[in-house]
Every structure is written in C-alpha cells, then in structure tokens.
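Peer 1: Structure in structure tokens, see below.
The values are calculated or read from the model by the stated rules, or taken from the named source; none is laboratory data. Predicted model only: the values in this text are computed from it and were never measured. Positions of Cβ are generated from backbone atoms using ideal geometry, with glycine treated the same way; all protein chains shown enter the neighbour counts. These accessible areas exclude ligands, DNA and RNA; they are computed on the full protein's heavy atoms, side chains included. Shrake-Rupley method; radii C 1.70, N 1.55, O 1.52, S 1.80 Å.
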Amino acid sequence: MSLVNTLSAELREMSVAGTLKRELLLKGPQGAVVEVEGRGEVVMLTSNNYLGLANHPAIVEAAEKAERDFGYGLASVRFICGTQTIHQELERRIAKFFNTEDTILYGSCWNANEGLFQTVTTEADAIVSDELNHASIIDGVRLAKAKKERFKNRDLGDLRRALEATRENRNRLIMTDGVFSMEGSLAPLPEMVEIAREFSAFLVVDDSHGTGVLGRTGRGTAEELGVFGKIDAYTSTLGKALGGSHGGFTTGPKTLVDYLRQKSRPYLFSNTLPPAVVMGSIAAIDLVERDPSFVTRLRENTTYFRKQLTAKGVKVREGIHPIVPVIIGDTAKAISMSAELLDRGIYVSGFGFPVVPQGQARLRCQISAAHTREHLDRAITAITDVAGKFGVLAA
Ligand SMILES: Cc1ncc(COP(=O)(O)O)c(C=O)c1O
C-alpha cells in the first residue's frame, strides 16, 4: 500500500467515526462576534481572545506602523541578521510584565517549550511534569535526554513521589501548565513553590492561558494565587490574551535566557518574529498595563456567565477561569450540541474522548472581555435550550 493510500484509509476511518476536525471559514477578523461563511454573524465562544485585543485598533495601528518603519520580515534568524531594536524592546517589556530578569522570544510558545527542556538538561538531570500538560510540553520533554517523571494532575503527593524518585539526579525541573486548558483549572502554585524549594528543584510554569487573564493586573496564575515573583521561569504565548497573533517566549533568570540564546534550537534555526507582531505585542502589553478594565471586564463577564448557566441547571465545571467547560458526558451528544448551537448563532466547540477522559465530553466555552451582556445572554439562552433538548439539564 502506498503512503497516500494508508493515509487516505485512516482519514476515511476518522470520517466514519465522526472524529474528523472541520474548519469553519471566518470572513472577517476575530472578535466577540464573527462572520462565518454561509452562516452570517455568530457569537464567538471558543477563542482564546480573552481580552478582546485580536482586532483592537491600537494594535492594528501599531502593526501597520511597524511594517512601514521596520518592513515585513527579516528573512533570517535572530543571531545572523534578524534582531531589531523592537525585538529587544519587547523582550524587556515582557520581563518587566513578569518581574523577571530577561526574556527570549520564539516563533510560538510551542517553540519555547520545544526549545527549553532539551537545551537546559542532560542525562544527569530529571524533568518532573504534570500529566495534563499541553502537547507542546509533552513533545518538548520527549526531546530531552533527562530522566522523565510524570505526576498526576495537580496532585501534590504524587509530585513529591516524582521528586523522591529523582533524588539522585543532578538538577530537577518541575514543569506545569498554569491553567489546564480543557478544565479551566489552576495549578496549585503556592504549594508547588514550597515543594520546589524543599527539593531544590527549578519550577517552570507555562502560563499561556493565564497571561493577561488571571490576577488583578493580568500578570497570570501566579498573581492570582499570591505567588507572583516566586516562580523560577515561565513560558507563555503572545497568541492568546496578548493580541492573539503569534509568538511565544521564555522569561526568567538572565543566565537561563543567555544560555537559551546560545543553544536553543527553535531560536537558533527558525525565523525571527515579524515586526508587525512584535510592535502589535508591545501595544497589547501597553493596553493591559495602562487599562485594568480589560482584565476586570473579563472577570465580570466570566462570573456572570458561570453564575447564570449554573442557575439555569447547566452543569459547569467550577472555577474562576474564562474557560468554562459545560460537562455533557457522551461525546456524540457534545458534538451534536455544538452543531445545534452553531445553527442558533453560537460558536462553541465540543470535545470528547480521547481529548478528555471517557464519559466527560464537554462544550468548552471561552469568555472574552469583548463580549457584551447581550452576547452572553444570547449564549446562555441557547446553551440552556439545547441542554434541555438533549436532556442534560440538572433536574
Ligand atoms: C498551555 C499551552 N502552551 C502552549 C501553547 C502553544 O502556544 P502557541 O500557539 O504560541 O504555540 C498553547 C496553545 O494552545 C497552550 O494552551
């Protein structure tokens, strides 16, 4: 059988099983509402545009100015001829935002994770990683030669076990998501900081869903949980709350960043972030630092949405994060509900096994500061109606 025939057979199987992912076409920018080809305007309830900055005029303007002043691209990697003043400026701004010593930019947070573990560890070391960490962490850890220990999701006892099991290793790196994106749950960072100290381990948090989202000033999960300034290093993205375009980074001790600049393969061998993204990201950080109302509005919208749905008998995973999973149970039901909601003008994704555990299929709603009460009410009414129709409302 040729390769193409093998792939084609597998695609057919996925199609029959109903697990093929399909992409809807947006005819305009990302926002609280979007124009979907063939459907018209729908409320967007499934993007990471948490602060509503993905089409903010100040960011679009900054990106346009960057192209006029700095061009479209650098046609190179950073250390050859691809570093502009604005790249350094963005790195400094991110370090200031996180209260860290220095920052290194990557093409994405995927690249930041991919470029971390293999670079800073050897066979002598160990990486201790939460089992529900993002795919980019899982793949990044795979590339490292260090000993690997997984611990059960947010389970401090199991984290201790994993650290005990790596006592003989030279350096130990603990890796966790700040926010687990299928659950909207937070890593127990205060306890993890203590445990990392006790075991002399280096704690890294991927705060892709916390950056710009959590904490009074949007500094992330550590700020939310009262341990801002106590995390050894972070990886995070510019592709969600902070403008929603592209780019990622690692931020932490200067020595770590200096070392990554010398040796991290996705940094050394992949192109520089384009000027428009760099200036757009600086503008996004400006907005978040100057105007606390983005973060406040996001929190108010999230609280309202969670409370209203719960009051109407919709089973929502408890929490404070704008990722609001509505637990349905059966995968086929969750997928059908998502399709019916789209028919009613609400764009929300359904996730089933194997993305989430068997029997815990869900609609994953994501709230934005850009949603108005009217958008949220439309979504709440539609979700309640559809949940009633599919028999998943609490009695
Ligand atoms: C926890 C986490 N880490 C990393 C990433 C990858 O981010 P990027 O899109 O910048 O590669 C994501 C994106 O979904 C994420 O949720």
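Peer 1: Kindly indicate which of Glu318, Glu300, Glu223 is under 18 Å from Arg364 (Cα atoms), open to solvent by 10 Å² or more (accessible area, probe 1.4 Å) and not hydrophobic (A, V, I, L, M, F, W, C).
Peer 2: Unique residue meeting the criteria: Glu318.
Peer 1: Hey, among the residues in the stretch 119-162 that are more than 16 Å from the ligand (Cβ to nearest atom) and in contact (Cβ under 8 Å) with a residue 60 or more places away in the chain, which one's least open to solvent (accessible area, probe 1.4 Å)?
Peer 2: Restricting to residues being more than 16 Å from the ligand (Cβ to nearest atom) and in contact (Cβ under 8 Å) with a residue 60 or more places away in the chain, the top hit is Val128.
Peer 1: On the given criteria, is Ile86 assigned by TED's automatic domain parsing to the domain that holds Gly252, within 20 Å of Tyr259 (Cβ to Cβ) and either touching a residue at least 12 places away in the same chain (Cβ under 8 Å) or away from the ligand (no atom under 16 Å from the Cβ) (or both)?
Peer 2: no
Peer 1: With a cut-off of at least 3 residues that are open to solvent by 30 Å² or more (accessible area, probe 1.4 Å), name the helices (runs of 4 or more DSSP H) lying wholly within the stretch 235-297.
Peer 2: 254-263, 275-290
Peer 1: Looking at (1) within 17 Å of Cys109 (Cα to Cα); (2) without any contact (Cβ under 8 Å) to a residue 12 or more places away in the chain, can you tell me which one Thr255 breaks?
Peer 2: (1) is the only condition that Thr255 fails.
Peer 1: Name the residues in the stretch 30-48 that are open to solvent by less than 10 Å² (accessible area, probe 1.4 Å) and either among the aromatic types (Phe, Trp, Tyr) or farther than 19 Å from Ile380 by Cα (or both), would you?
Peer 2: Val36
Peer 1: Restrict the check to the stretch 230-240 and report whether at least one residue is more than 30 Å from Arg68 (Cβ to Cβ) and away from the ligand (no atom under 16 Å from the Cβ).
Peer 2: Scanning the stretch 230-240, I find at least one residue that is more than 30 Å from Arg68 (Cβ to Cβ) and away from the ligand (no atom under 16 Å from the Cβ), so the answer is yes.
Peer 1: Here is a check on your reading of the model: is Glu64 surrounded by 13 or more Cβ atoms within 10 Å (Cβ to Cβ) and free of Cβ contacts under 8 Å to residues at least 24 places away in the same chain?
Peer 2: Answer is no for this residue.
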